[in-house]
Amino acid sequence: MSTLDASLATAHAEVKAEIARTDGKASLLLAFIGAVLAGVWTVASDAHLPTPVYVVGGMGVLLLVTAAALLLRVVRPNMSGAVAGFPLWARLTGDEIRALLAEDRRGEDIANLSRIALLKFAALQRAIDVTRAAGALLVVAAGMAVGGAL
């Protein structure tokens, strides 16, 4: 195996692993947001809180829902623009697949997968930032509820 061949294989595996890690992080954060939303719903539906607490808490919940939407975008498969792998192969005949695999297209594949990874990573960062803002609002709402808001 040549140095170039080994480097291409390593880079390809690294980019694919980064996509998998980003999807895993997004999935964990989605589960966390779901648990927080369930907890907020339980507390808010059983308590009689002042209106300002509901307003601030509602803004926090809205931000959590926004973060969940961002995360769903991260993990959503994109089948429309598939230029490599099984989505492309599903549209080809056996002979076309053999001809395609005879070419070394790892460079293009690495570039395409890297762009996908960066988009996923940026959306994950935005979702985390929105989740943190939602958490801050929910902490403020909890403080208002405990402290006796207005």
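The values are calculated or read from the model by the stated rules, or taken from the named source; none is laboratory data. These numbers were taken from a predicted model, which means no experiment stands behind them. All Cβ positions, glycine included, derive from the backbone under ideal geometry; neighbour counts span all protein chains shown.
Ala11 fulfils the conditions (1) part of a helix (DSSP H, G or I); (2) aliphatic (A, V, I, L, M); (3) loosely packed, with under 14 Cβ neighbours inside 10 Å; (4) at pLDDT below 95 except for a single criterion, (3). Taken as a whole, the condition of being closer than 25 Å to Gly143 by Cα and over 28 Å from the mean Cα position of the chain (by Cα) applies to Thr51.
Within the range 71-80, the set of residues being closer than 14 Å to Gly34 by Cβ and surrounded by fewer than 20 Cβ atoms within 10 Å (Cβ to Cβ) comprises Leu72, Val75. Filter the range 112-150 down to residues that are within 30 Å of Leu88 (Cβ to Cβ) and either surrounded by 14 or more Cβ atoms within 10 Å (Cβ to Cβ) or not small (Gly, Ala, Ser) (or both), then give me how many there are. Residues that pass the stated criteria total 15.
Go through the range 38-57 and count every residue that is part of a helix (DSSP H, G or I) and surrounded by fewer than 16 Cβ atoms within 10 Å (Cβ to Cβ). Reasoning before the result, please.
First pass over the range 38-57, keeping only residues part of a helix (DSSP H, G or I): 38-46, 51-57.
If we keep only those that are surrounded by fewer than 16 Cβ atoms within 10 Å (Cβ to Cβ) too, we end up with 38-39, 41-43, 45-46, 51-52, 55.
Here the count works out to 10.
The set of residues from the range 84-110 being surrounded by 12 or more Cβ atoms within 10 Å (Cβ to Cβ) and either part of a loop (DSSP other than H, G, I, E, B) or at pLDDT 85 or above (or both) comprises Ala84, Leu92, Glu96, Arg105, Arg106, Gly107, Glu108, Asp109, Ile110. The lone criterion from (1) under 12 Å from the mean Cα position of the chain (by Cα); (2) buried (at least 17 other Cβ atoms within 10 Å of the Cβ) left unmet by Leu28 is number (2).
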